[in-house]
Amino acid sequence: MYPDPQSQSAALYERALKVLPGGNSRHTVFFPPYPIYAVRAKGARIWDADGVERLDFIANYSALIHGHNHPEIVAAIQRQAEQLTAISLPTREEIALAEIITSRIPAVEQVRFCNSGTEAVMMALRAARAYTGRPKIAKIEGAYHGSSETASVSVAPSPEAWGHPEAPASVAPPGTGPGTAADTVVLPMNQVEACRKLIRQHGPELAGVLIDPLVKNLGYKPATREFVSMLREETRKVGALLIFDEVYSLRLGFHGGQGALGVAPDLTALGKIIGGGLPVGAVGGRRDIMTTLFDPRKGSPKLGHGGTFNANPLTMAAGRVSMELLDEASFERLSALGERLRQGLREALKIAKVPGTVGGATSMVCLFHSDAPIETYRDVVSTMRGNVQAQARAGQFFRHMLNNGVLIGAPGFFVLSTPLTEADIDDVLEKALAGLRAMS
Ligand SMILES: Cc1ncc(COP(=O)(O)O)c(C=O)c1O
């Protein structure tokens with residue numbers, strides 16, 4: 001049972017505390033009093049340092065769409081490791097993955113690889129500034145886009161600082177440069193008229209508008225068609241670039257979130273599933289923008305973009321196989337499993353008579369332990385983060401699932417992977433129902 005001070009994980013955490021701040025290199029994998037330590041994994045199953053088996057519903061925060069150690073991806077990595085792991089020359093593998101991405105993602109005509117979603121978003125924002133010669137970026141309040149400076153603005157602002165709901169304050173976290181807050185315009189999610197006004201107001205200084213088509217921190221809140229159409233229209237009018245962060249939302253379908261929404265952004269940041277489980281990021285977009293900024297043939301490119309491990313052959317080989325495996329049928333199957341889980345959780349909430357709201361799309365499912373509807377970041381704060389009872393229920397549910405062989409993301413995120421079966425989903429639903437009943 002977790003927590004257990006005598007466990008191997010507890011001992012490993014004690015050891016980690018001596019050499020890593022808070023015992024940690026990635027705050028998103030910490031949970032109190034100590035995280036469980038992973039040892040091995042196969043498909044959708046993981047084993048911890050104490051030999052406990054669990055179903056993995058985090059899938060490395062969505063990157064592992066084929067679960068762990070898919071045999072074809074492992075074989076591709078092994079083959080590539082025997083040939084070449086990293087080199088200061090381009091390789092065939094980079095072209096092959098770029099071909100797959102550009103053939104699937106409508107608005108990505110050309111692409112450049114880097115090593116994380118954080119880098120991809122950072123380069124997309126720099127690209128927008130370099131292309132337009134303007135300083136400001138607009139982003140959604142509460143949306144997470146990695147840890148670069150502009151991307152970190154107003155990810156989790158507190159009510160005292162967040163300002164007017166229709167013109168949110170720009171709240172820069174510690175460690176960002178002096179111009180960061182001033183050069184970031186914060187938009188409320190899906191609020192069409194308020195955002196139209198803000199884009200027009202900042203128009204002449206606006207380099208780009210950054211949007212995640214499915215905001216995880218808002219319980220996988222999808223952007224509405226009306227909202228993204230407005231963003232497309234207004235960015236064109238003011239001469240700013242529309243930037244989609246599809247690091248997560250590529251899971252929305254074979255053609256990504258932009259395919260699902262029917263909108264063509266100017267630039268797209270990618271990551272997670274395109275790397276077959278290895279570290280990856282990519283920035284892509286319109287050919288004219290990409291060549292104007294990055295083409296090195298006429299001397300130094302306008303926007304320098306090096307990176308010792310960019311387009312590294314191991315990631316490229318793993319990514320190619322992973323994307324090839326991910327055909328339209330896999331997306332449909334994953335969506336059906338996601339729907340089974342969403343429906344099942346809704347029924348479980350009714351049976352257990354406990355508050356809760358189930359959201360998400362395709363292979364991403366979110367259970368918030370509150371009945372209040374969530375539209376914007378401020379709703380998440382009032383119904384979840386600032387609600388002591390909802391927080392307590394979320395913590396209790398997380399622990400119940402952990403102690404019943406299911407690892408989910410706190411406060412109630414489930415990310416699906418292709419090795420999961422209907423029987424796995426039904427098993428999880430049974431455990432979820434027992435957990436919810438224990439709270440009623
Ligand atoms: C929407 C979005 N953008 C960017 C990032 C950052 O990606 P990475 O963790 O690879 O740096 C994430 C990570 O979860 C994300 O969800």
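Quick note: the coordinates plus some simple rules give every number you see, no bench work behind them. Note that the structure is a prediction, hence the values are computed from the model and not measured. Note: ideal-geometry Cβ built from the backbone for every residue, glycine included; neighbour counts use all protein chains shown.
Distance in nm between label sites at Leu325 and Arg236, each 7 Å beyond Cα in the beta-carbon direction?
4.0 nm
Amide H neighbours of Val215 under 5 Å, counting only residues 5+ apart in sequence or on other chains, H built in-plane at 1.01 Å?
Sorted by chain and number, the residues that satisfy this are Lys221, Ala223.
Which of the lysines could a cross-linker bridge to Lys237, judged by Cα under 28 Å and excluding same-chain residues fewer than eight apart?
Straight-line reach from Lys237, under 28 Å: Lys136, Lys139, Lys197, Lys221, Lys302.
At 7 Å along the Cα-to-beta-carbon direction for both His164 and Gln396, put a label point, then send me their distance in nm to one decimal.
Modelled inter-label distance: 4.2 nm.
Find how many whole Å separate the alpha carbon centroid of region 95-149 from the alpha carbon centroid of region 353-407.
30 Å
Which ordering of Trp47, Trp162 is given by a fewest-first count of other beta-carbon atoms within 10 Å?
Details: Trp47 14, Trp162 20.
With the sparsest Cβ surroundings first, the list reads Trp47, Trp162.
Top mean-square fluctuation among Gly22, Gly356, Gly395, Gaussian network model of the chain, C-alpha springs under 10 Å?
So, out of Gly22, Gly356, Gly395, the one fluctuating most is Gly22.
Through the Karplus equation 6.51 cos²θ - 1.76 cosθ + 1.60, θ set to phi - 60°, convert the phi angles of region 419-425 into ³J(HN,Hα) values in whole Hz; use x for Gly and Pro.
x, 5, 10, 4, 5, 4, 5
What ratio of Cα Rg to 2.2 N^0.38 Å holds for region 71-325?
Details: Rg = 18.1 Å, N = 255, 2.2 N^0.38 = 18.1 Å.
Normalised by 2.2 N^0.38 Å, the Cα Rg of region 71-325 equals 1.00.
Reachable aspartates and glutamates from Lys42, Cα under 14 Å, same-chain residues fewer than 8 places away excluded?
Those aspartates and glutamates meeting the cut-off are Glu53, Asp56, Glu72.
Once the principal axes of the Cα atoms of the chain are found, what is the range along each, listed largest first in whole angstroms?
The Cα atoms of the chain stretch 62, 57, 46 Å along their principal axes.
Starting from the amide H of Cys114, placed 1.01 Å from N in the peptide plane, find each other amide H under 5 Å away whose residue is 5 or more places distant or on another chain.
Answer set, sorted by chain and number: Gly281, Ala282, Val283, Ala311.
Per residue, how much space in cubic angstrom lies within the convex hull of the C-alpha atoms of region 297-371? Each step should come with its number before you reach the end.
Numbers: hull volume 13.4 nm³, N = 75.
Normalising the Cα hull of region 297-371 by residue number yields 178 Å³.
I'd like the Karplus ³J(HN,Hα) series for region 26-35: coefficients 6.51, -1.76, 1.60, θ = phi - 60°, whole numbers in Hz, and an x wherever there's a Gly or Pro.
So the J values, rounded to whole Hz, are 7, 4, 6, 9, 8, 9, x, x, 7, x.
In nm, give the distance between the simple-model label positions of Thr421 and Thr85, each being 7 Å from the Cα along the Cα-to-Cβ direction.
Each label point is offset 7 Å from its Cα along the Cβ direction, giving 3.6 nm.
Quick check on the chain: helices-only [θ] at 222 nm, where DSSP H runs of length 4 and up contribute -39,500 (n - 2.57) each and the sum goes over total residues. Nearest 500, please. The partial results should precede the final answer.
Details: 13 runs with 166 residues, N = 440.
It comes out at -12000 deg cm²/dmol, rounded to the nearest 500.
Compute for region 171-280: radius of gyration divided by Kirkwood radius, i.e. Rg/Rh, restricted to C-alpha atoms, rounded to two decimals. Walk me through the numbers on the way to the answer.
On the way: Rg = 14.6 Å, Rh = 14.8 Å.
Rg/Rh: 0.98.
Sort out for me the Cα centre separation of region 170-203 from region 34-94, rounded to whole Å.
After rounding, the separation between the Cα centres reads 37 Å.
Can you sort His66, His145, His255, His164 from fewest to most other Cβ atoms within 10 Å of each residue's own Cβ?
Working: His66 24, His145 28, His255 18, His164 9.
Sorted ascending by nearby Cβ count, the order is His164, His255, His66, His145.
Show me, for region 299-313, the HN-Hα J-couplings you get by feeding each phi into the Karplus relation (A = 6.51, B = -1.76, C = 1.60, θ = phi - 60°), rounded to Hz, glycine and proline as x.
Result, ordered by residue: x, 5, x, 4, 10, x, 8, x, x, 3, 10, 4, 6, 5, x Hz.
Among residues other than Ile77 whose Cβ falls under 12 Å from its Cβ, what is the net charge (Lys/Arg +1, Asp/Glu -1)?
Values: positive: Arg79, Arg320; negative: Glu72, Glu82, Glu93.
Summing Lys/Arg as +1 and Asp/Glu as -1 gives -1.
Which order do Met316, Met1, Met323 fall in if you start with the one that has the fewest other Cβ atoms within 10 Å?
Working: Met316 25, Met1 8, Met323 21.
Lowest to highest Cβ neighbour count: Met1, Met323, Met316.
Viscosity 1.567 mPa s, temperature 4 °C: give me the Stokes-Einstein translational D for region 1-66 in µm²/s, with Rh taken as the Kirkwood radius over C-alpha pairs. Intermediate results must be reported in sequence, preceding the final value.
Values: Rh = 12.7 Å.
For these conditions, the coefficient is 102 µm²/s.
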